[in-house]
Each structure stands twice: as structure tokens, then as C-alpha cells.
């Protein structure tokens, strides 16, 4: 694993903190915020509310190695929280890759007990190995809690009629589906949440889907019924 932003090698190939004090402060603030807030989304929201930026090293191209400061989003927050190097261990074999029949390379993340090498406390870290493990459990719990409604009916197999078809009338982004248990059964809700997921912004809008699906279903029946009668008559006459 290459070193993430905030850690570098010194002249003797030892891993040390990035000497840039602003980088150190940003990362310590990040882990402190997660410890306090309890979720990646809340940590992103805290950074945005405080007007804080997050450091990132460019990995390729003419600007390779340069430090830039970016607005923290949920993808970067999760990537940082899942990176064990921030907790001080040397790790190897976190992924397994194989070539697909079409020639493409597929990379799969492995669970920690299947890593080929894991040496805790090998170098300095912005958090401890014990806290890293606690953070992983917390992230799994958060993921399970937020996905509870969706697990009642998996995407692509749920009752929603318009899966993958609805576009938000406010911002033009595709809307996703959540499922909620009601007395009448599982009910779909169409949600525009892309900015909410990426930048911890409020959800653009959410709309109960039952009435929408009912109206679209009736419209489809109106369109299909005359066609079905026509086909039946043609078959009967032949």
C-alpha cells in the first residue's frame, strides 16, 4: 500500500507525519470529528460548516506529488476511514485481482482476516489500531442501519414501477429508491440524494411513490388495452 496523504517516508525510509503542519492539523481534526460525530456523513457536514478543506496529493500526471486542498466529500471521508495506514500498520494483500473472460481486470477487496500481511503499530498514525477497528465496526453498523429500508426489498426486485427512470424535476439528477414498511405493505419512495451523499447537503426532494406508480400503471393499461384488443381481433380473424 502506498502512503496516503499526511504520511511520508523520511531519508531512512521510515514512515513519518507530513512535515506540513496544516496537513497534520486537517487529518487530526478529521479523525477527531469522526470520533465525536459518529458517521462519515456527519464528519463531512462538520468540515463544510466550519469551512475546512481537506488535503490531497495528486497521484499522476504533470502535477504528481503536488498538494491540493479540496472540499471533503463522503467518498473521500470513507476512503480515509477505511485506510489502515492512518492507524500505523504495514499491510499487504488487501485486494485480489483476476482477469475476466472479456480481458478486463477485476479487483476485489478482501476482509481483514484474509490479508496476506498485517503488522500493527509499524509506524506513526493519526489514530490507533484499536480505534481503527472500532471505526470499521461503527461504519458497518451505520451502513446496516441506513440500508434497513432498502434491505426489505432489494433494488431491481422491489415493487417500484419506475426504478432507474425517474429524474428530479428540481435539479435534473436521477432519483433513487428507498422502501418503507407500511400497514399496506412495502411502499417505494423516490429520493434525489446525490448531493446529500457526496457533500452532506440536505436531500433535494423525496416523493412517496405509491400514487405515482398507480397513475403510471393506469396510463400504461390505457395504452396497452386497445393494442391488446387489436391483436386479439387480428388473431381471431386469421
**Q.** Cα centroid separation, the stretch 72-136 to the stretch 1-36 (Å)
**A.** 16
Q: Taking the Cα atoms of the stretch 1-142, report the difference between the largest and smallest coordinate on each principal axis, in whole Å and largest first.
A: 48, 40, 33
Q. Is the stretch 92-145 rounded, prolate or oblate when judged by the Cα gyration tensor, a ≥ b ≥ c being the square roots of its eigenvalues, rounded requiring a/c under 1.5 and prolate requiring a/b larger than b/c?
A. oblate
Q) So if we plug the beta-carbon distance of residue 117 and residue 11 into 1/(1 + (r/R0)^6) with R0 = 22 Å, what FRET efficiency do we get, rounded to 0.05? A) 0.35
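Every read-out reported here was derived from the displayed coordinates using simple, explicitly stated rules and does not represent laboratory data. Just so it is clear, the model here is predicted, and its values are computed rather than measured. No Cβ is skipped: glycine too gets one built from the backbone with ideal geometry, and neighbour counts run over all protein chains shown.
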